[in-house]
Amino acid sequence: MKIAFVLTQSLDSPSGLGRYGPLARELVKLGYEVEVIALHYAWDRLPKKSFVHQGVQIHYVGQMHVQKEGSYKTYFGPGKLLRIALTATISLAKAVAQSDADIIHLGKPQPFNVLAARYGRRGRPIYCDCDDYEAETNKFSNVWQKKVVRYFEDSIVHLVDRLTVNTHFLQKRYQSLGFPTEKIQVIPNGVERDRFAHAHAVATTNLHTKWNLDPAAPIILYVGTMGLLSHPVDLLLQAFVTIQATIPEAQLLLVGGGEDYDKLQQMSHKLNIAGNTTFTGRVAPEKIPAYLSLATLSVDPVHDDLIAQARSPLKIVESLAVGIPVVTGDVGDRKQMLQNGVLGLAVPPGDATLLAEGVLTLLQQPAMRKKMATAALHQREQWFWDRLVLDFVNVYEMNKIDEYA
């Protein structure tokens with residue numbers, strides 16, 4: 001069986017790294033033939049647009065709706081965005097139509113790939129994987145853009161044979177849109193065994209030296225996008241003011257890039273925490289486990305909004321897979337992910353003071369942290385993609401049963 005994943009972003013994007021890339025590679029290990037038809041944030045600069053990586057056929061066919069360079073992400077104006085959208089949609093549709101895949105699996109339903117699947121289907125079953133509330137998560141310059149994205153995101157219930165989602169919020173959302181409950185499978189995010197199984201034993205001396213971090217001081221870590229629309233890192237900076245006042249030697253390490261990277265750096269200076277705050281910028285994916293191993297704990301700051309309710313944070317799973325306790329907001333599936341306090345703390349969301357209290361609770365109770373770390377390492381098998389891939393296989397096999405019924 002051959003499966004074609006049709007994506008509106010590259011495999012080194014957050015969803016590509018945390019979901020679609022690992023899934024594709026694990027399917028290949030199980031004997032499936034897999035191709036990825038995708039867009040890229042720097043398509044015109046790619047040295048190769050079609051190649052095979054770890055058994056996966058990868059075809060980048062057009063430009064994404066954003067550009068990325070270094071630690072920064074920029075957006076196109078409305079006119080240029082429309083031209084890029086039309087070109088990208090046509091390119092995706094042609095590639096889907098020409099693909100000899102048996103199954104088309106959309107990743108993140110957006111106008112580009114939904115239209116491509118409609119016009120390139122040729123009678124084949126279509127699946128869709130939803131890992132975000134796209135109409136809320138994305139940044140729009142006009143109201144009509146958001147309406148268009150929401151229309152296509154909602155309309156997949158009339159197009160696809162089955163849905164995979166990564167949160168119970170998204171499951172309920174598509175149930176409310178009329179999609180049959182029995183055809184929605186909740187499959188959370190995971191990590192690759194090869195990258196994370198031995199990360200807790202990684203030597204971190206070089207990173208301490210590189211970023212001038214005190215190995216004896218507690219390190220509070222954030223790994224993720226520096227974009228305030230969907231990642232309120234400002235909440236963590238505000239919380240760190242209180243944390244630093246209580247534990248002056250505490251260090252805040254922020255790993256990642258995004259459109260608000262400069263703004264957040266400036267904010268750290270205004271809050272007088274810049275001396276104990278380190279921004280690394282975007283880091284190569286293979287280095288993330290080492291950065292996690294530096295941490296005393298990691299933080300996932302959130303507001304109680306639709307973005308957070310729909311999301312299964314990769315940063316939480318990555319942290320737990322390395323045995324690093326997490327402090328986050330009690331929104332969506334997060335408390336369940338932390339097993340009601342067994343693997344970390346879920347505090348009321350959107351409040352910097354309460355976030356600081358949660359962090360301080362763990363910093364001041366090393367026995368509690370050690371117990372959480374041990375529990376996370378004992379339970380991490382459930383987050384490895386070589387286990388989670390079997391849930392996707394089950395979805396594909398269930399559709400075979402539907403066809404014969």
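The values are calculated or read from the model by the stated rules, or taken from the named source; none is laboratory data. Since the structure is predicted, the reported quantities are computational estimates derived from the model, not experimental observations. We place every Cβ from the backbone using ideal geometry, glycine too, and count neighbours over all the protein chains shown.
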* Asked: For the subset of the stretch 196-211 comprising residues that are touching a helix residue (DSSP H, G or I) at 6+ places or on another chain (Cβ under 8 Å) and modelled with pLDDT of 85 or more, which member is surrounded by the most Cβ atoms within 10 Å (Cβ to Cβ)?
  -> F196
* Hand me the list of helices (runs of 4 or more DSSP H) wholly inside the stretch 158-243 holding 3 or more residues that are free of Cβ contacts under 8 Å to residues at least 12 places away in the same chain and more than 19 Å from I316 (Cβ to Cβ). => 168-176, 205-210
* **Qualifying residue in the stretch 233-250 (condition: among the small types (G, A, S), more than 21 Å from L362 (Cβ to Cβ) and assigned by TED's automatic domain parsing to the domain that holds E286)** => no
* **Qualifying position, being in the same structural domain as E182 (by TED's automatic domain parsing) and surrounded by fewer than 18 Cβ atoms within 10 Å (Cβ to Cβ), among V389, V342, V393** => V393
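In this structure, is A356 within 19 Å of L17 (Cα to Cα), among the small types (G, A, S) and surrounded by 15 or more Cβ atoms within 10 Å (Cβ to Cβ)?
On the way: within 19 Å of L17 (Cα to Cα): no; among the small types (G, A, S): yes; surrounded by 15 or more Cβ atoms within 10 Å (Cβ to Cβ): yes.
Judged against the criteria, A356 is not a match.
Residues L237, L221: which one is at pLDDT 90 or above, aliphatic (A, V, I, L, M) and over 28 Å from F384 (Cβ atoms)? Show your work before the answer.
Details: L221 fails: over 28 Å from F384 (Cβ atoms).
Result: L237 is the single residue among L237, L221 that is at pLDDT 90 or above, aliphatic (A, V, I, L, M) and over 28 Å from F384 (Cβ atoms).
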* List every residue pair whose Cβ atoms sit under 9 Å apart, with the two residues 6 or more apart in sequence or on different chains, where the first one lies in the stretch 5-20 and is closer than 20 Å to A85 by Cβ and the second, anywhere, is of a type in the set (F, W, Y) and in a loop (DSSP other than H, G, I, E, B). => Q9/Y41; S10/Y41; S13/Y41
* Can you tell me which residues in the stretch 106-138 are surrounded by fewer than 19 Cβ atoms within 10 Å (Cβ to Cβ), of a type outside the set (D, E, K, R) and in a loop (DSSP other than H, G, I, E, B)? -> G123, P125
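Residues in the stretch 216-229: is at least one surrounded by fewer than 19 Cβ atoms within 10 Å (Cβ to Cβ), assigned by TED's automatic domain parsing to the domain that holds L377 and more than 25 Å from S15 (Cβ to Cβ)? First the steps, then the outcome.
Residues of the stretch 216-229 surrounded by fewer than 19 Cβ atoms within 10 Å (Cβ to Cβ): 216-217, 228-229.
Checking the rest, the ones that are also assigned by TED's automatic domain parsing to the domain that holds L377 come to 216-217, 228-229.
Those left that are additionally more than 25 Å from S15 (Cβ to Cβ): 216-217.
Looking through the stretch 216-229, at least one residue is surrounded by fewer than 19 Cβ atoms within 10 Å (Cβ to Cβ), assigned by TED's automatic domain parsing to the domain that holds L377 and more than 25 Å from S15 (Cβ to Cβ).
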* Condition check for K48: under 23 Å from the mean Cα position of the chain (by Cα) and of a type outside the set (S, T, N, Q) -> no
* Determine, yes or no, whether R45 is surrounded by 22 or more Cβ atoms within 10 Å (Cβ to Cβ) and of a type in the set (K, R). => no
* Unique match (being within 19 Å of the chain's Cα centre (by Cα) and either at pLDDT 95 or above or among the polar types (S, T, N, Q) (or both)) among L163, L177 -> L163
* **Index of the failed condition, L253 passing every other in (1) in contact with a helix residue (DSSP H, G or I) (Cβ under 8 Å, 6 or more places away or on another chain); (2) not in a strand (DSSP E or B)** => (2)
* Can you name every residue in the stretch 268-297 that is in contact (Cβ under 8 Å) with a residue 24 or more places away in the chain and under 27 Å from D129 (Cα atoms)? -> R282, V283, P285, E286, I288, P289
* To do: Take the stretch 48-80 and flag every residue that is touching a helix residue (DSSP H, G or I) at 6+ places or on another chain (Cβ under 8 Å) and surrounded by fewer than 19 Cβ atoms within 10 Å (Cβ to Cβ).
  => K49, Q54, G55, H59, S71, Y72, Y75, F76, P78
